[in-house]
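**Q** Sharing a structure with you now.
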Amino acid sequence: MLEQEIMRFRQEEMPIEKKVFEGEVVTGEDLEKIEFDQVEFSKCRFSGCDFTNATFIDTTFSNCDFSNCIFYKSYWKNAVIKDSKADGSKFSGAIFRQSTIEASSFMYTNCVNTLWENSKIIDSDFTQGFMSEVKFKKITLSKVNLTSVDFFKTPLKGIDLSDCNITNIMVSDTYKELGGVKMNMFQAADIAKLLGIKII
C-alpha cells in the first residue's frame, strides 16, 4: 500500500495524507521531497531510503525502524517519533517544530545544523551523535542519553540537562557552549574536572 502511494506521489506530486501504514517494509527508495500529512506509521521498516527535503506534518512513527536513512533538510512539524530506531541516520539541516522524540534510539545520528523549536526529546538515546552548530529554541531534553555527543558550536544556554547523561560530551576548547546550561551538582563536578578545577 505504501509503495503504491509513493508511486502516486511521483506521478502526481501530491502529498500522501490521512493514511495509516502498518508493517510496511521499504528498501532503497528515493523519497526526496515526498510530503506526508496526517500519516501514521506503525511497525514499519525503511532501509537505505533517502528522504532528503521530505516533509512530515502531523505525522507519527511508532515502533518503526529507519536506521541509516537520509533525512537531509527534512521538515518536521507536530510530528511524533516514539519507540522507534534511527541509529546512524543523517538529519543534517533538518527542522523540527513542535515535534517529539520519545523512547527512541538515535545513536550515531548526524544532526549537524539542525533547528529544534518548541520540541521535546524524552527518554531517548543519542549516544555518540553529532549535534554541532545546532539551534535550540525552547527545547526540552528529559532523560536523554547524551554520552559522547558532539555539541561543538551549539549554545546550550537555558537548557535543563539535569536528568540527562552528559558523560564525555564534546564542546570547544573554550567551553563556551556550556554557558548558562542547567545541570545537577554531580554533572557540574564532572564538568569542573574538564576545566581543571579541583573541588575540595
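The values are calculated or read from the model by the stated rules, or taken from the named source; none is laboratory data. Everything numeric in this text was worked out from a predicted model, so none of it was measured. Don't worry about glycine lacking a Cβ; one is built from the backbone with ideal geometry, like all the others, and counts go over all protein chains shown. When the accessible area is computed, the model is the full protein with side chains, heavy atoms only, and any ligands, DNA or RNA have been set aside. Shrake-Rupley method; radii C 1.70, N 1.55, O 1.52, S 1.80 Å.
**Q** For the condition over 20 Å from ILE95 (Cα atoms) and assigned to a loop (DSSP other than H, G, I, E, B), what is the one hit in ASP190, ASP163? First the steps, then the outcome.
**A** Working: ASP190 fails: assigned to a loop (DSSP other than H, G, I, E, B).
Exactly one of ASP190, ASP163 is over 20 Å from ILE95 (Cα atoms) and assigned to a loop (DSSP other than H, G, I, E, B), namely ASP163.
**Q** Could you say which residue among GLU13, GLU17 is under 23 Å from SER119 (Cα atoms) and open to solvent by 70 Å² or more (accessible area, probe 1.4 Å)? Give the derivation first.
**A** Details: GLU13 fails: under 23 Å from SER119 (Cα atoms).
None of the other options fit; the residue is GLU17.
**Q** Now for a different question. Confirm whether ILE70 is touching a Phe, Trp or Tyr at 6+ places or on another chain (Cβ under 7 Å) and open to solvent by 30 Å² or more (accessible area, probe 1.4 Å). Even if it seems obvious, please write down each step before you answer.
**A** Working: touching a Phe, Trp or Tyr at 6+ places or on another chain (Cβ under 7 Å): yes; open to solvent by 30 Å² or more (accessible area, probe 1.4 Å): yes.
Spelling it out, ILE70 is indeed touching a Phe, Trp or Tyr at 6+ places or on another chain (Cβ under 7 Å) and open to solvent by 30 Å² or more (accessible area, probe 1.4 Å).
**Q** How many residues are open to solvent by 30 Å² or more (accessible area, probe 1.4 Å), among the β-branched types (Val, Ile, Thr) and under 13 Å from LEU161 (Cα atoms) if we restrict to the range 93-146?
**A** Looking only at that region, the number is 2.
**Q** Continuing with this model, one more query. Just the residues that are farther than 16 Å from ALA54 by Cβ and aromatic (Phe, Trp, Tyr), please, taken from the range 77-130.
**A** PHE106, TYR108, TRP116, PHE126, PHE130
**Q** Scan the range 1-58 for residues that are small (Gly, Ala, Ser) and on the phi < 0 side of the Ramachandran plot and report the count. Give the steps one after another, and end with the answer.
**A** Taking the range 1-58 as the starting set, the residues that turn out to be small (Gly, Ala, Ser) are 23, 28, 42, 47-48, 54.
Next, from what is left, pick out any that are on the phi < 0 side of the Ramachandran plot: 42, 47, 54.
Number satisfying all stated conditions: 3.
**Q** Would you please list the contacts, defined by Cβ atoms under 7 Å and residues six or more apart or on different chains, that run from a residue in the range 177-196 that is closer than 17 Å to ASN165 by Cβ and open to solvent by less than 40 Å² (accessible area, probe 1.4 Å) to a residue that is at pLDDT below 80 and part of a loop (DSSP other than H, G, I, E, B)?
**A** Taking only residues 6 or more apart or on different chains, the pairs are ALA189/ILE199.
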